[in-house]
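See below for the structure under consideration.
Read-outs throughout are calculated quantities, based only on the coordinates presented, and are distinct from any laboratory measurement. Keep in mind that this is a model prediction, so the values were computed, not measured. Here Cβ is always computed from backbone atoms with ideal geometry, including for glycine, and neighbour counts include all displayed protein chains.
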Number of protein chains: 2
Amino acid sequence: MQSVAEYVDSLVCSACGAAFAPAQRHTTCSHCGKPLLVRYRIEALRGRFRPEVLPGRARSLWRYAEVLPVPPDPRWSLGEGWTPLLPQPRLGRALGLPKLYVKDESLNPGGSFKARGLAVAVAAAAARGVQQVGVASAGNAAGALALYAARLGLRAVLFLPEETPEPAVWECQIAGAEVHRVPGTIAEAGAAFEAYRQEHPDIFSVATLREPYRVEGKKTMGYELFEQLGGRLPDVILYPTGGGTGLIGMWKAFEEMEALGWIGPERPRMVAVQAAGCAPIVRAFQEGRETAAYWEDAQTIAAGLRVPKALGDFLILRVLRESQGTAVAVSDADIQAAMRRWAQTEGLLAAPEGAATLAALIQLQEAGWVHAEETVVLFNTATAHKYPAVVRQVLRQAGGPV
Amino acid sequence: MQSVAEYVDSLVCSACGAAFAPAQRHTTCSHCGKPLLVRYRIEALRGRFRPEVLPGRARSLWRYAEVLPVPPDPRWSLGEGWTPLLPQPRLGRALGLPKLYVKDESLNPGGSFKARGLAVAVAAAAARGVQQVGVASAGNAAGALALYAARLGLRAVLFLPEETPEPAVWECQIAGAEVHRVPGTIAEAGAAFEAYRQEHPDIFSVATLREPYRVEGKKTMGYELFEQLGGRLPDVILYPTGGGTGLIGMWKAFEEMEALGWIGPERPRMVAVQAAGCAPIVRAFQEGRETAAYWEDAQTIAAGLRVPKALGDFLILRVLRESQGTAVAVSDADIQAAMRRWAQTEGLLAAPEGAATLAALIQLQEAGWVHAEETVVLFNTATAHKYPAVVRQVLRQAGGPV
C-alpha cells in the first residue's frame, strides 16, 4: 500500500515552521507541540492540476486527489464530500440577500461533515500501519471515526461527554467501537482519553489538529465551493466553529488555489460562529488576542460548539483577521428559532451548529456587515436527525404536537 | 414556469395503454385506475443524450434532465440523488462475492431514498399550479414531502401510522407540515388520507404510483448504476420492496436506456426483498400470481416494508419474472443481525429495509442463486439514524451498553 500521495512534499509546523518527512507517523510538532500541516509540491502541479480536469471525477472529496495526502481508494471511501451547494431563494429574499447559499454537509456518511476529516485521517493512519485509533469527541467525530475504522478493519476507542446526543453514541456502538462516556465537556473527555492512552500507547489519536490529516479532508470544502460556484469563491463564509478545523482547512485550500494559479489574492471574509454559552474565539477576537483563553462552564445545545479551548485557536484567529472577517456568538434560543425557520422556508434540516450560522447571519445583516450583492455561504455541518433532544425542544416551544 | 420538460411525449397507462397530455394535472388512469407512466420522445434523444455528455453535470439526479418530466431548477433541489455506489470488499470476501456493491441512498436529503421521487413529484405538481400536497406514508416519504413542500412554498398534509419512527414525524413537524397519526399500517393511514381528501379536494395526493412523477425520480437510480459502473449494469440487484416504485422505476430506466442505444436487451436479475411479517409480493411470486393479495396483520421492524398491498403489484411481479429475478422474505432477527454486521464490517449505517437486502443476499448465496463472478448491488434506502428504536434493539441484543 502506497502511504504517501504523489505530490506531498513534507509536513510543516504551523507555528515554528519545522519540517518533517510525511512517510512516518506524526502527531504534532515534536519541537513546539503545535499542529502540523501538509505541504504539497504545488510548483509541480501548476498547470497540470487545473479546474478543467475536475468535472468527470469521483463524486467525493477524492476528486481533489492531487492535493490530498493519501492516494484515493474506493475501498476506504463511504462517499464523503462533494455535498450540494444549495441556493436559498426564499430565505435570501427575506434577508435581502439574493445570493445566499448553504453548503449542506448533512449529505455526508453518518450525516455530518466530520466524515471528511476522518476519512482522510483514518486512511493515512492505516497506510502507516496504525491498527487502533481513538478520539475524544462531542459526538459526530467519534461516529465518523467508528465508521471509517470499521470500513478499514481498525479498532476504534472513543471518549464522549455524557451529554453527547444519542445517535452519535449508537453509531459508535453499532459499528463495534469501544465507547467511554465521561462527565463534563469535550475537555474532560479529552483528558480521560489522554490518561487512557498512557496505558494504551498503541492507540493513535486522531483528535482535532493532533495529527496532520483531518484538516486535509476538511479543506476540500474550500475546493468544492470554488468548483460549485463556477470557478470563484464567495464573498462571505459563515462557519460554526468548535475546534476550527474547517476554517483552517478552507483557508489552507485557498492558499493552495492561489499557488496553483486558480485564484488571485482575494479571499472570502471568514466568520466564526459560536454559541453564547461557549464563545472563546469570539471573546479573543473582540479582545484582540492571538490565542483564546479556556471558556469556563461551557453550555449550549449545539454539542459541536461546546469546545472550551481549541488547539488551533491562534490559526482560527489569524484567519478571521487576515480575511477581514469576524466572530459572532448566538444564543441557544436563536439557534432553535433558526432551525425551525430554515426547515420551514427551505426544507433544510439543520443541526444546531449549522442553524447557528443562520442566526449569526441575521445579526450581521441587521448590523449592515453583509450587503445585498454579496455571495454568502452558510455551512450546515450535520443533519438535525443527529440531535433528537434539540429537535424535541424546538417542536415543544412551537407548541406543535410532539 | 415551464411545466413540461422538452422531451416528454405523453403519459401512458401501465395497464390499458391509454395516453394523456402531460401538461395537465393527472393522477391514475381515468379509464382503469392503474398507474400512469411518462413516455419520452426517445427517438429525438437517440445519439444526442449519450453517456458521454454526463460527466460534468449536476451532482444530483437532475444530471439526467433529458429523461425527467420537469426542467431542472436549483431552487427546487435539496441535492437529491447521485448517491455513492460503494464497493464492499470485506463483506464481499466473507460472502465469496468480490464484486459486491451497496448503493447508499442514505446520502439523500432527509437521509432516505424517498427524496428522489418527491423532489420530482413536488416540482411537477407545483409546475401545474398545485398549492397543497399530501400523502400517507410509513415515514420517509412523508418526511421528504414535507421538506420539498417547504422548499417550494407549498402546504403539506401528512397521514402517518402511529408506529412511524419518530425522526420521520419530527421532520414533517419541523418543516411546518400538518401531521395526522393513524392507528394501524400504511393501509389505514391511506384510507384516512383518502377520507380527508373527500373534504379537502384541493390537496393533491402524491401517494406511490397515484401520480406519474415519483417513479421518474426513482428511476434515476437505474441511470446512476449504469454510469457509476462505468457504462454497464450489474448482474443482480437486491431492492427492499414496499410500494415498489424503485424496482418499477429502475426497470423503466433500463427500457429507456435500451431505446437510447446505451445498452442491449440484457437486464440485471431483480430481487424484491420483503419482511417475513409482510411479504405479499414474495407470496404472490411463489404462487405464480399476477397480482398480490392483501397481507393481513402486517408486522415488521422495517417500517418501509409494512405495505400490505401495493398499487403497482402487477408491475413489480412482471419485473421480477421478466428479469429472471426472484422475491425473498427475511426475518426481523436477520435484519437486525445484518444491520450490525454491515456497520461492523463496512461502516455502513443501514436502515432495516436496507439491511434486509443483505439478509436476503446471505440466503441467496447459501442457495447458490448468486455466483462469485457476478456484480451484485444491494440498496440501502435510508440511514439507521431514522430508526432509533430499531438501533436500540440491535444494541440491546448485542449486550452492548445502550
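Worth pointing out:
- Projected-area mean, chain A, by convex hull of Cα positions, square nanometres: 18.3
- A simple count of charges around A:A293, restricted to other residues whose Cβ falls under 12 Å of its Cβ and scoring Lys, Arg +1 and Asp, Glu -1, yields -1.
- Expressed per residue, the C-alpha convex hull volume of region A:179-245 stands at 115 Å³.
- For B:F159, nonlocal amide neighbours, meaning residues 5 or more places apart or on other chains whose placed amide H falls under 5 Å from its own, are B:V135, B:A136, B:S137, B:H180.
- Per-pair calculated FRET efficiency, R0 = 25 Å: A:E266 and A:A367 via Cβ, rounded to 0.05: 0.65
- Result for chain A in a Gaussian network model with C-alpha springs under 10 Å: among A:L107, A:L95, A:L358, the largest mean-square fluctuation is at A:L95.
- Reachable aspartates and glutamates, given that their alpha-carbon falls under 17 Å from the alpha-carbon of B:K34 and they are not under 8 places away in the same chain: B:E194, B:E211, B:E216, B:E290, B:D313
- Mean Cα-pair separation over length for chain A, i.e. relative contact order, pairs under 8 Å, 6 or more apart, %: 17
- Principal axis dimensions, largest first and in whole angstrom, of region A:114-253 by Cα: 48, 33, 26
- Residue-wise HN-Hα coupling along region A:196-202, computed from phi with Karplus coefficients 6.51, -1.76, 1.60 (Hz; x: Gly, Pro): 4, 5, 4, 8, 10, x, 6
- Neighbour net charge for B:S323 - beta-carbon separation under 14 angstrom, K R +1, D E -1: -1
- Annotation: the antiparallel percentage among DSSP beta bridges lying fully within chain A is about 30.
- Amide proton proximity set for B:A276, modelled H, under 5 Å, gap of 5+: B:V330, B:S331, B:D332
- Only lysines eight or more places from B:K218 in sequence, or on another chain, were considered; those with a Cα closer than 17 Å are B:K103, B:K114, B:K252.
- R0 of 25 Å, Cβ-Cβ distance A:A21-A:E255: FRET efficiency to nearest 0.05: 0.70
- Between A:A94 and A:E52, the modelled label-to-label distance comes to 4.3 nm, taking each label 7 Å out from Cα in the direction of the beta carbon.
- For region B:316-391, the percent of C-alpha pairs falling in each 5 Å distance bin, counted from 0 to the bin holding the largest distance, reads 3, 16, 23, 24, 18, 10, 6, 1.
- Direction-averaged projected area, Cα convex hull, region A:65-157: 7.3 nm², rounded to one decimal.
- Note that region A:136-147 has calculated 3J(HN,Hα) couplings of 9, 8, 6, x, 5, 5, 4, x, 4, 4, 4, 5 Hz, one per residue in order, obtained from phi through the Karplus relation 6.51 cos²θ - 1.76 cosθ + 1.60 (θ = phi - 60°); glycine and proline are x.
- Between B:S3 and any residue 5 or more places off or on another chain, the built amide H atoms are never under 5 Å apart.
- Under a model in which nothing but the beta-carbon of Lys, Arg (+1) and Asp, Glu (-1) is charged, region A:198-346 shows a dipole of about 240 debye around its Cα centre.
- Total formal charge among the other residues, if their Cβ is under 15 angstrom from that of A:H26, Lys/Arg +1 and Asp/Glu -1: +3
- Shape parameters for the protein assembly as shown, alpha-carbon atoms, Rg then Dmax in Å: 25.3, 80
- Alpha carbon convex hull of region B:234-342, projected area averaged over orientations, nm²: 7.1
- Alpha-carbon geometry of region B:1-109: the Rg and the Dmax are 18.3, 52 Å, given in that order.
- Projecting the Cα atoms of A:A65, B:A18, A:V53 onto the charge dipole of the protein assembly as shown, computed from C-beta unit charges around the Cα centre, puts A:V53 farthest toward the positive end.
- Dimensions of region B:23-77 from C-alpha coordinates, computed as largest minus smallest value along each principal axis and given longest first, are 42, 30, 16 Å.
- Taking the label point 7 Å along Cα→Cβ, B:A191 and its counterparts in the other copies are spaced 6.1 nm apart, in ascending order.
- For chain B, a Gaussian network of Cα nodes joined below 10 Å ranks B:A303, B:A191, B:A149 by mean-square fluctuation, and the top entry is B:A191.
- Copies compared at B:Y294 - label distances in nm, ascending, label defined 7 Å from Cα in the Cβ direction: 6.7
- If you sort the three axes of the alpha carbon gyration tensor as a ≥ b ≥ c, you get a/c of 1.5 or more for region A:269-402 and a/b no higher than b/c, which makes it oblate.
- Legend: calculated FRET efficiency, A:R197 to A:T291, from the Cβ-Cβ distance at R0 = 25 Å, rounded to 0.05, equals 0.50.
- For region A:109-123, 3J(HN,Hα) per residue [Karplus equation, 6.51 cos²θ - 1.76 cosθ + 1.60, θ = phi - 60°, Hz, x = Gly/Pro]: x, x, x, 8, 4, 4, 4, 4, x, 6, 4, 6, 5, 5, 4
- Packing, as the average of other Cβ atoms within 10 Å across residues, places the peptides A:131-143, A:195-207 in the order A:131-143, A:195-207, highest first.
- Value at 222 nm in deg cm²/dmol, rounded to 500, when DSSP H runs of n ≥ 4 in chain A each add -39,500 (n - 2.57): -11500 deg cm²/dmol
- Springs between Cα atoms under 10 Å define the GNM used for chain A, and in it the highest mean-square fluctuation of A:E255, A:E105, A:E224 occurs at A:E255.
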